[in-house]
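A quick write-up on the structure given underneath.
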Amino acid sequence: MAHTATDPTAALAFAQANQDAALEELKAFLRIPSISTLPDHSSDVHRAAEFLAAELLRIGMQHVEVIDTPGHPLVYADHLHAPGTPTVLCYGHFDVQPPDPLEEWLSPPFEPEVRNGNIYARGAVDDKGQLWMHVKALEALLQQDATLPVNVRLIAEGEEEVGGEQIAAFLRAHPERLKADVAVVSDTDMFAPGLPTLCVGLRGMIYTEIEVKGARTDLHSGMYGGAAPNPFVALAQILSGLKDAEGHISIPGLYDSVERPSAAELKAWRSLPFDEAEYLAHEVGSTELTGEAEYTVLERLWSRPTLDVHGVMGGFTGAGAKTVIPAKATAKVSLRLVPGMTPADTFDKLKSYVAAITPKGTTAEVRLIHSGDPVVIGTENPFVAAATQAMKEVFGKDTVFVRGGGSIPIVGDFERNLGIPTLLMGFGLPDDNLHAPNEKFNVANFYAGIESLVRFLTLAGLLSVPHPSEMQTEL
Ligand code: BES
Ligand code: MN
Ligand code: MN
């Protein structure tokens, strides 16, 4: 198998001829409710892993394996028969976020439906649809003569949405199984429709629970109200103490180590086609934007830490009225981290500050659920040029470089532990409703993503294997 495919024409023709089949297969993948955070769905996460592995085997990938872990499984496959070319590590995740609130969906979250050129389902864009683009690009390249233009490893995980602990452990235990020259991840979005985008930074995060306790047990609010502490009120006071009205996080020292983006990066962000009024009206849909007014919206999203409350639990939430002072109240609170910050230091600062502002008569415990480091990826490597060229061939436009406000925990490990750059080459759109009701993926983008990946892998095959000291391009 010494042949190296340098012409993507046949693969592109195959991909195009099989678009409908690719979409039908994606629908089947999306019907599996692989919600990683809900224990009742762990067998569904496993089913999604098996579904993916079966397809990888069918298209001719090798060493296909569902790797069981103490958490959700991983899926591995490789095809390492293109000597003298780079090795590309494809990554994606097949777990999804919970679909609630269900009543907001126009079609059920696990019954994919195509409307107006979009496929609607939980996981459509995040990330099953984008992972499926990788599978379909590999299939298109392999169908001709069972060769690929580069060496490929593929690793997919089933718990990205809950922190990605197992893939991180696997990478630390078996770095040789993921040995590659570059990682390619399609789990981000394009800055605007039709505008090819590489994301070069992701925020990190700490996800916590703050539990406040008051009395020994629930109390009658008439018999004890006025004398006994109320943990919900205490929790509200703690939460409101975490951020001021101007959007600054009040935790002492939180901003001390925050690194600012370079002047060049800030300048590039200012030239992006961003319309604040449009963003407010069509994406956010509130009356005003909030946050640190001294930073632009893109800076606030990409290079500033933030703190959010995701939910508050406990007490009486049923229909009607119950006069009770609950014994405890819990909130889910996360902070997004930017370069310069670490999860451990941020968690320490949060804990100390919560202890300092906990109202008398109550106690607060802060628990860490999961965490991940922020990452900024360099663009000084020839794979970036291959990716931008590939996308120019598909979209007819030059790539913009952005950061993302979200997190993909393993990307930092690719950089730090494997020592390789990652191309965050995503094809979602800003209004795809990730993690929200009516998540969608633009079907044309799904196809354009497949084509971009076919072209990228072909162009990457023309690159000489990079050595850490000296990366050369033959493009
Ligand atoms: N694909 C997203 C991350 C993302 C989306 C990055 C859009 C940039 C642009 C990913 O699946 C995700 O949602 N990650 C979680 C992280 C996690 C540790 C819970 C997130 O960001 O909330
Ligand atoms: Mn994702
Ligand atoms: Mn997600």
Could you tell me which of the residues THR188, THR147 is of a type in the set (Ser, Thr, Tyr) and either surrounded by 24 or more Cβ atoms within 10 Å (Cβ to Cβ) or within 16 Å of ligand 3 (Cβ to nearest atom) (or both)? THR188
Taking the conditions exactly as written (among the acidic types (Asp, Glu) and surrounded by fewer than 22 Cβ atoms within 10 Å (Cβ to Cβ)), does GLU139 satisfy them or not? no
Being under 24 Å from the mean Cα position of the chain (by Cα) and part of a helix (DSSP H, G or I) is the requirement here; does LEU239 meet it? no
Is it true that some residue in the range 249-263 is in a helix (DSSP H, G or I), among the small types (Gly, Ala, Ser), at pLDDT 95 or above and farther than 30 Å from THR323 by Cβ? yes
Can you name the residue in the range 152-179 that is out of contact with any Pro (no Cβ under 7 Å at 6 or more places or on another chain) and part of a loop (DSSP other than H, G, I, E, B) and, of all such residues, is most open to solvent (accessible area, probe 1.4 Å)? LYS179
Yes/no for ASP145 being within 16 Å of ligand 1 (Cβ to nearest atom), charged (D, E, K, R) and closer than 28 Å to ALA444 by Cα: no
For the range 325-348, which residues satisfy the criterion of being open to solvent by 50 Å² or more (accessible area, probe 1.4 Å) and assigned to a helix (DSSP H, G or I)? ALA344, ASP345, ASP348
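Residues in the range 376-398 that are more than 16 Å from ligand 1 (Cβ to nearest atom) and either open to solvent by less than 40 Å² (accessible area, probe 1.4 Å) or not assigned by TED's automatic domain parsing to the domain that holds LEU195 (or both): how many?
Result for the range 376-398: 10.
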Looking only at the range 307-320, decide whether some residue is open to solvent by 50 Å² or more (accessible area, probe 1.4 Å), assigned to a strand (DSSP E or B) and without any contact (Cβ under 8 Å) to a residue 24 or more places away in the chain. yes
Among THR188, THR197, THR208, the single one that is farther than 22 Å from GLY92 by Cα, of a type in the set (Val, Ile, Thr) and either assigned by TED's automatic domain parsing to the domain that holds VAL75 or within 16 Å of ligand 1 (Cβ to nearest atom) (or both) is THR208
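Looking at ASP413, ASP431 in this structure, which one is within 18 Å of the chain's Cα centre (by Cα), open to solvent by less than 30 Å² (accessible area, probe 1.4 Å) and among the charged types (D, E, K, R)?
ASP413
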Being more than 25 Å from GLN166 (Cβ to Cβ) and open to solvent by 40 Å² or more (accessible area, probe 1.4 Å) narrows it down to one of ALA22, ALA13, ALA54, ALA5, so name that one. ALA13
For the range 245-302, give me each residue that is open to solvent by 90 Å² or more (accessible area, probe 1.4 Å), without any contact (Cβ under 8 Å) to a residue 12 or more places away in the chain and among the β-branched types (Val, Ile, Thr). THR287
Within the range 374-475, strands (runs of 3 or more DSSP E) holding 2 or more residues that are touching a Pro at 6+ places or on another chain (Cβ under 9 Å): 400-404
Reported set for the range 93-108 where residues are open to solvent by less than 10 Å² (accessible area, probe 1.4 Å) and not aliphatic (A, V, I, L, M) is HIS93, PHE94, ASP95, SER107
How about the range 341-372: which of its residues are under 14 Å from SER257 (Cβ atoms), in contact (Cβ under 8 Å) with a residue 12 or more places away in the chain and acidic (Asp, Glu)? ASP345
Quick one: is GLY340 touching a strand residue (DSSP E or B) at 6+ places or on another chain (Cβ under 7 Å) and either on the phi > 0 side of the Ramachandran plot or modelled with pLDDT of 95 or more (or both)? no
Against the conditions (1) open to solvent by 40 Å² or more (accessible area, probe 1.4 Å); (2) farther than 19 Å from THR208 by Cβ; (3) aliphatic (A, V, I, L, M), where does ALA228 fall short? Just the number, please. (1)
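Does VAL45 meet the test of being more than 17 Å from ALA436 (Cβ to Cβ) and of a type in the set (A, V, I, L, M)?
yes
The values are calculated or read from the model by the stated rules, or taken from the named source; none is laboratory data. Not measured: the values here are computed from a predicted model. Ideal geometry is used to build each Cβ from the backbone, glycine not excepted, and the neighbour counts take in all protein chains shown. Keep in mind that these areas ignore ligands, DNA and RNA; they rest on the heavy atoms of the full protein, side chains included. Shrake-Rupley method; radii C 1.70, N 1.55, O 1.52, S 1.80 Å.
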